[in-house]
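To keep things clear, I will list the structure first and then write my remarks on it.
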Amino acid sequence: MTVLRTGRPSVVPVVVPQRLDGDDGREFLAMADIFNTALHHDLGLDHLRWDAAEMLPAWQDQTDRVQAGFLAWQDEVPVGALQLTAPREDGATELEFDLLALPDARDGAVEDALLARVLDEAEGLGRTHVQTYTLHRADAAGERMPSPTGFGSVPVDRYSRFYRDHGFTLQQVERNSILDLTAPLDRVGELLTAAEAAAGPEYRLLTWTSPTPARWRDEFAHVISRMSTDAPFAGLTVTEETWDAERVTRRDERLGAGGVLVSVAVIEHLPTGRLVAYNELTIGADRTRPTNQWGTLVLREHRGHRLGTLVKCANILRWRELVPQSPMITTFNAEENRPMLDVNEALGFTPLTVAGAWQRVS
């Protein structure tokens, strides 16, 4: 049913609540609900749902990143949501945001009002590179917009047109793939055995469940920091992140407070004692939900030894034992990152959606 709304949308900041079940938690919950309703409408899928309980601790402790949210109200009803985040490193110029309107509030006014707020916030923070991602079904029909990297494309739909018409340019396309955890994982075991043999005696596999062991916090901080320099970001401006053991601890505490379970697989380079590769699998308090694969990285100087396959396979098999209820793993990879996509495809990951990375420079 189409709802006729005539009021001019107003954009109001979302209060960061102390708890979600109090009066001050309603707007935070409404923000997540709007994102989930819009994503389900657009994709017909629920594997990328926002969970307010998982999000909240990162908003309550903003030591490492700026976090802010806004609701667009029309006729006293919240009809659109905006979430933005930005690094706190000195010299950072980027701000990333997510912006969605409810299906019956997409006349352009709500999204225009939310985007205007994004640009105002970016100016206030001194950020000149404003970035966002659009999500599309991988099997969407119709005209396509190719990635400037030469790998992948996104549909020319209302989202692509909206950002193009507001001065954003497509920088990169990411593939969102899923692995069915209800199917046999024999192939994963076979690839693990082969990867262990290929890695050789200089590399050792280690695993843990969050929080990070004290022995490895400094090293884990280093390998996480390399994600901002070693991963492919195409034309996106990405500030090199500063990590140390204290930041790893803060991250672990936030994740734990949000009910998030994290399984980590890493590779130690025995001659140096350094960590040189890692993979993370995560899930919220509802263990029947899809699993998220977060960072997977092999440091540039240690590539070519099948370490990416090793950490992925080991963590998937470990995860099956830790969280047998989760039906799938979902992950994102740049379309030009063919080595990692080769690993995923060999493991049985299949494409489900694509994401367009957009940037506007002022």
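The values are calculated or read from the model by the stated rules, or taken from the named source; none is laboratory data. None of these values were measured; they are calculated from a predicted model. Cβ atoms come from the backbone with ideal geometry, glycine included; neighbour counts cover every protein chain shown.
Which members of the range 87-129 meet the condition of being touching a Gly at 6+ places or on another chain (Cβ under 9 Å) and assigned to a strand (DSSP E or B)?
LEU99, LEU100, ALA101
Take the conditions polar (S, T, N, Q), assigned by TED's automatic domain parsing to the domain that holds GLN293 and not in a helix (DSSP H, G or I) and apply them to THR149. Does it pass? Give the derivation first.
On the way: polar (S, T, N, Q): yes; assigned by TED's automatic domain parsing to the domain that holds GLN293: no; not in a helix (DSSP H, G or I): yes.
In short, no.
Only one residue in ASP98, ASP139 is without any contact (Cβ under 8 Å) to a residue 24 or more places away in the chain, on the phi < 0 side of the Ramachandran plot and under 24 Å from the mean Cα position of the chain (by Cα), so which one is that? Explain how you work it out, then say what you get.
Values: ASP98 fails: without any contact (Cβ under 8 Å) to a residue 24 or more places away in the chain.
It is ASP139.
Which pairs have Cβ atoms under 6 Å, sit 6 or more apart or on different chains, and link a residue in the range 173-199 that is within 30 Å of TRP358 (Cα to Cα) to one that is part of a helix (DSSP H, G or I)?
Note: pairs meeting the criteria are SER177/ASN344.
Among the residues of the range 23-77, write down those that are part of a loop (DSSP other than H, G, I, E, B), at pLDDT below 95 and among the acidic types (Asp, Glu).
ASP46, ASP75, GLU76
Among the residues of the range 299-310, is there at least one that is surrounded by 19 or more Cβ atoms within 10 Å (Cβ to Cβ), touching a residue at least 40 places away in the same chain (Cβ under 8 Å) and within 19 Å of the chain's Cα centre (by Cα)?
Looking for residues that are surrounded by 19 or more Cβ atoms within 10 Å (Cβ to Cβ), touching a residue at least 40 places away in the same chain (Cβ under 8 Å) and within 19 Å of the chain's Cα centre (by Cα), one finds none in the range 299-310, hence no.
Here are ARG274, ARG338: which of them is farther than 21 Å from ASN176 by Cβ and either surrounded by fewer than 23 Cβ atoms within 10 Å (Cβ to Cβ) or free of Cβ contacts under 8 Å to residues at least 12 places away in the same chain (or both)? Let's see the steps before the verdict.
Values: ARG338 fails: farther than 21 Å from ASN176 by Cβ.
ARG274 is the lone residue from the list that is farther than 21 Å from ASN176 by Cβ and either surrounded by fewer than 23 Cβ atoms within 10 Å (Cβ to Cβ) or free of Cβ contacts under 8 Å to residues at least 12 places away in the same chain (or both).
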